[in-house]
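Data first, discussion second: the structure below is written as structure tokens.
The values are calculated or read from the model by the stated rules, or taken from the named source; none is laboratory data. Model, not experiment: these values are computed from the prediction. Cβ placement follows ideal geometry from the backbone for every residue including glycine, while neighbour counts extend to all protein chains displayed. With ligands, DNA and RNA removed, areas are computed over all heavy atoms of the protein, side chains included. Shrake-Rupley method; radii C 1.70, N 1.55, O 1.52, S 1.80 Å.
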Amino acid sequence: MWASAGRRSAVLMGAVALLLAGCVGGDEEPRGGSDGGDGVFRLGYVLPETGQLASQGPAQIESVRLAVKEINDAGGVLGQPVPEVTASDEGGNAGVAARSADRVLASGVDAVIGAAASDMSLAIIDTVTGSGVVQCSGSNTAATFTDYPDNGLYFRTAPSDALQATVLSKVIVADGEQRVAVVARGDDYGRGLLKSITKELKDTGIPVVLGETYEPGSEDFDRVARKVREVNPDAAVVVAFDEGAAVLRAMIEAGVGPRDINVYGTDGLRGARLASEVSPDDPGVLAGLKGTAPATGNGEYTARLRAFAPEVKESQFAPQVFDCVTIVALAVEATQSDDPIVFATAIDEVTANGERCTSFADCKRLLDRATNIDYDGESGPLDFVEEGEPGRALFDVYTYDASGALRTMRTEEGSTTN
């Protein structure tokens, strides 16, 4: 059986809700959505071409295209090539993301990849799943999505921040920290990680002496840096996106940078250009900063992606997006239907409790022999739980060396059972 009872129930309830909405919502302009299954699997994305995560956009967008190419090279889905992907920009703005989702849905897609930022997905999830279309994000990490009422149609290959907080806290504990300050974006991503990190550290007996949030659109972080200095921590965690460079500059000027105390980051802070953005003249100012982020793969995927799209520089969340496309396509093959209400029931199941396979082509060969599969992706083992997200995930522990270069120290596994 492809769907667990709980997941199948959620999907069927969603289908009923959609039918009822169609009966009573006659005065509302339709937003489009899936055609309900016509034998051709259609895909779209809402990903950052502009905005605060634009630096991550190329890797995610090209990962969608690479996955589609490899799927089509293997014979396509349901014997048909996947048509050109419908593209749209999330733009780092809820209004832009919502309009983009409407345009993608109007093209009749069966699944939407994205958005990248958790807040942008929250701006579109009701529209996408409410239209009876599957949504899969490779970089939404906010814990909010675990229990979100999504009609059983939202999935993510990025692990929940609850898993990342566990791994990061282990790094902090191993380093012998005693008093930790946490500075975080005042959005769902930042507040969620702040809460999870605080809990994990408290459970190990380490107090979080400051939990401070800031508005995502802020440009002046002097106040935040002063608050960190006032509590006299021996370590600080920064939960940020592109504004992280400015946060770190303010902390350095306040005497609480990596040369003064131990500083840690999360996935949004990881970037090859971070040190030069903080201090072009002295990138070594970040030497020793450590952090955690969902794994970027074993290097083979990054090389394959850059051969396909040489302009890609960053690889954060690229393998997770590739896996989003692949597992959705495999679910269509497993159910032999491109109706999202149908193939959504198989998405969890193609990632666990079957014969292991590591590519669309190999997995499809097993499905053609009526063999249940366990797709281990470019981003790790996946092993989806009933909530439609990884129960196991790999995290890179990264650092910046004396020259400011980004290095991966090691890779650790986080799971819902540890």
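Could you identify which residue out of PRO58, PRO340, PRO149 has the top mean-square fluctuation in a GNM of the chain using Cα springs shorter than 10 Å? Among PRO58, PRO340, PRO149, the largest GNM mean-square fluctuation belongs to PRO149. Couplings 3J(HN,Hα) for region 171-184, derived from phi with the Karplus relation 6.51 cos²θ - 1.76 cosθ + 1.60 (θ = phi - 60°), are 4, 5, 4, 4, 7, x, 5, 10, 9, 10, 9, 10, 10, 9 Hz, where x marks Gly and Pro. Under 5 Å from the amide H of VAL182 lie the amide H atoms of LEU210, GLY211, GLU212, VAL237, each residue being 5 or more positions distant or on a separate chain, with H modelled from the backbone and absent for Pro and chain starts. Counting Lys and Arg as +1 and Asp and Glu as -1 over every other residue whose Cβ lies under 14 Å from the Cβ of VAL173, the net charge comes to -1.
Accessible area per residue for the chain, computed on protein heavy atoms with a 1.4 Å probe, is 38 Å².
Summarised in one figure, the compactness ratio Rg/Rh of region 258-327, Cα atoms and Kirkwood Rh, is 1.05.
Multiply the residue gap between ARG306 and GLN178 by 0.36 nm, knock off their C-alpha separation, and tell me the result in nm, one decimal place.
Details: separation 128, 0.36 × 128 = 46.08 nm, distance 4.16 nm.
Full extension from ARG306 to GLN178 adds 41.9 nm.
When mean projected area of the Cα convex hull in nm² is computed from the coordinates, the matching label among [x] 19.2; [y] 31.5; [z] 26.6 is [x].
Quick check: the angle from helix 118-130's long axis to the longest principal axis of the chain, C-alpha only, nearest 10 degrees? The angle comes out near 10 degrees. Relative to the longest principal axis of the Cα atoms of the chain, the long axis of helix 57-73 makes an angle of roughly 30 degrees.
If I fit a long axis through the Cα atoms of helix 244-253 and take the longest principal axis of the Cα atoms of the chain, what angle between them do I get, 0 to 90°, rounded to 10? Roughly 10 degrees between the two axes.
Report the local net charge at THR157: Lys and Arg +1, Asp and Glu -1, summed over other residues whose C-beta lies under 10 Å from its C-beta. Spell out each step's value before the answer.
Values: positive: ARG156; negative: ASP323, GLU378, GLU389.
Its environment carries a net charge of -2.
Of all DSSP-defined beta bridges confined to the chain, some 35% are antiparallel rather than parallel. Remark: spin-label model distance ASN372-GLN336 equals 1.9 nm, labels positioned 7 Å along the Cα→Cβ axis.
With r defined as the distance between the Cβ atoms of ASP203 and GLU413 and R0 fixed at 22 Å, what FRET efficiency is calculated, to the nearest 0.05?
0.70
Just so you know, the averaged projected area of the alpha carbon convex hull for region 194-298 sits at 7.2 nm². Charge tally around VAL85: other residues with Cβ under 14 Å, Lys/Arg +1 each, Asp/Glu -1 each, net -2.
Most fluctuating residue of ALA329, ALA295, ALA307 in a GNM of the chain with Cα springs under 10 Å: which is it? In this elastic network of the chain, the residue with the biggest mean-square fluctuation among ALA329, ALA295, ALA307 is ALA307.
Listed peptides 83-91, 397-405 appear in the order 83-91, 397-405 once ranked by packing, highest mean of other Cβ atoms within 10 Å at the front.
The simple Förster model, with R0 at 45 Å and r as the Cβ-Cβ distance, assigns ASP260 and ALA94 a FRET efficiency of 0.75.
Expressed as a whole percent, the accessible area of the chain that falls on carbon and sulfur atoms is 49 (1.4 Å probe). Backbone amide hydrogens, once placed in the peptide plane, bring GLU355 within less than 5 Å of ASN372, ILE373, ASP374, excluding anything fewer than 5 places away on its chain. LYS227 exposes around 70 Å² of accessible area when a 1.4 Å probe is run over every protein chain in place. Taking amide H as placed 1.01 Å from N in the peptide plane, ALA293 has its amide H under 5 Å from the amide H of ASP396, TYR398, each at least 5 places away in sequence or on another chain. Length available on full extension from SER107 to LYS227: 0.36 nm per residue minus the Cα-Cα distance, which gives 38.3 nm.
The aspartates and glutamates within cross-link reach of LYS69, meaning a Cα-to-Cα straight distance under 18 Å and a gap of 8 or more places when in the same chain, are GLU84, ASP110, GLU300, GLU311, ASP323, GLU333, ASP362, GLU378. Note on GLU215 and SER276: their simple-model spin labels are 3.2 nm apart, each label 7 Å out from Cα toward Cβ. For the chain, a Gaussian network of Cα nodes joined below 10 Å ranks ILE341, ILE206, ILE197 by mean-square fluctuation, and the top entry is ILE206.
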